[in-house]
Structures are given as structure tokens and as C-alpha cells.
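Trainee: Here it is, the structure in full.
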Amino acid sequence: MKNDAGSEENQTIKADDFMKMLKISPNTFKKLLAEGRVPGPLPLGTRNRRWSRSVVMDFLNNPGRYNTNSNTKI
């Protein structure tokens, strides 16, 4: 049986890695996050902010499809 623990849908990305992918500063990242212009983190806790790798890759491949008002993909 294949172990799915390493599949892309189960992987997460830390905020630092997301910022490096976007090539932006922490302040800019916080601003974009507050404005709903980047996907929000998974609900893992108040201090543990991680993003689904598949959501981040989808956002990076097509940022124009991201709905800034509802903080979800359209």
C-alpha cells in the first residue's frame, strides 16, 4: 500500500517559505494577507501558520483568480 503522507495535498508551507516564493518582505506579506490578496493559513492554531502546498501552488500559478473579498479561490 502506498503511503500518502508525502503527497502534495498533505504538505504544508510555512509563512517564511511562502514569502520567499513571493519574493516579498514580512511586512508586505502581512499587508497582503490582511487585505485578502493571498490565501489565508490553515486553521492549525494561533501561532502555527501554515498553508496547503496545493493552494499556494495554485495561487502562484494563477494569482488573478484569487477573490480578494472572500479570501477564497473563485
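Rule-based calculations on the coordinates, nothing more; no lab input. In this text, all values refer to a predicted model and were calculated from it rather than measured experimentally. Counting neighbours? That spans all protein chains shown, and the Cβs are built from the backbone with ideal geometry, glycine included.
Trainee: Roughly how many debye, to the nearest 20, is the charge dipole of region 7-66 about its Cα centre, given +1 on each Lys and Arg Cβ, -1 on each Asp and Glu Cβ, and no other charges?
Mentor: 260 debye
Trainee: Each label point is 7 Å from the Cα along the Cα-to-Cβ direction; what then is the distance between the points at ASN27 and LYS14, in nm?
Mentor: The modelled label-to-label distance comes out at 2.3 nm.
Trainee: Only sites in a loop by DSSP and with at most 14 other Cβ atoms within 10 Å count here; which chymotrypsin sites (Phe, Trp or Tyr not before Pro) in region 17-70 make the cut?
Mentor: none
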